[in-house]
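Here is the structure we will look at, set down as structure tokens.
The values are calculated or read from the model by the stated rules, or taken from the named source; none is laboratory data. Values in this document were obtained by computation on a predicted structure and should not be read as measured data. All Cβ positions, glycine included, derive from the backbone under ideal geometry; neighbour counts span all protein chains shown.
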Amino acid sequence: MASPEEAPRSIEFLEPSTLLIEWGDDHESLYSYRYLREKCECAGCVDEWSRKPLLDPSTLPANLSIVEVEKTGRYGLNLHFSDGHKTGIYTFRALRRNCPCPECVDQNFSDPDSNEPRSPATSGEGAS
Ligand SMILES: [Zn+2]
Ligand SMILES: [Zn+2]
């Protein structure tokens, strides 16, 4: 079961070039089409092995738009962009994690899961 914060209540397209998702916990996320395109994690945009971005955002057209949206089951969206790119699957979980509002950006920075646990034992080498 998806938790409320990962289950969209409504998905709307706003002018200009903005996708609005209202989540089950009343949070609202606004994404520009360009932002979503840059966040694409398909094999054509991110190297599957190194996770390095293969997409150069400067090559994207300025007037990039979304021409079609398909729901992929209950867990995500497949966005078709006007530059012909349509292999990107955006899971609701990833969309929520990438919410660009200041509140979420703050939270992501302080997310304890994203920090490697530091072991004090490794600093012993070389100390006298
Ligand atoms: Zn892609
Ligand atoms: Zn947010």
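Scanning region 65-107 for residues that are within 16 Å of ligand 2 (Cβ to nearest atom) and acidic (Asp, Glu) yields 103, 106. Checking each residue in region 17-40 for being outside any strand (DSSP E or B), charged (D, E, K, R) and surrounded by 14 or more Cβ atoms within 10 Å (Cβ to Cβ) picks out 34, 37, 38, 39.
Rundown of residues vs (1) in contact with a Lys or Arg (Cβ under 9 Å, 6 or more places away or on another chain); (2) under 22 Å from residue 13 (Cβ atoms); (3) within 12 Å of ligand 1 (Cβ to nearest atom), yes/no style:
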residue	(1), (2), (3)
38	no, yes, yes
50	no, no, no
67	yes, yes, no
70	yes, yes, no
73	no, yes, no
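For region 75-105, the tally of residues that are over 17 Å from residue 31 (Cα atoms), away from ligand 1 (no atom under 15 Å from the Cβ) and buried (at least 16 other Cβ atoms within 10 Å of the Cβ) stands at 0.
Checked against (1) part of a loop (DSSP other than H, G, I, E, B); (2) modelled with pLDDT of 85 or more; (3) small (Gly, Ala, Ser), residue 126 passes all but condition (2). Out of (1) modelled with pLDDT under 90; (2) under 21 Å from residue 22 (Cβ atoms); (3) in a loop (DSSP other than H, G, I, E, B), what's the single condition that is false for residue 62? Result: residue 62 fails condition (2) only.
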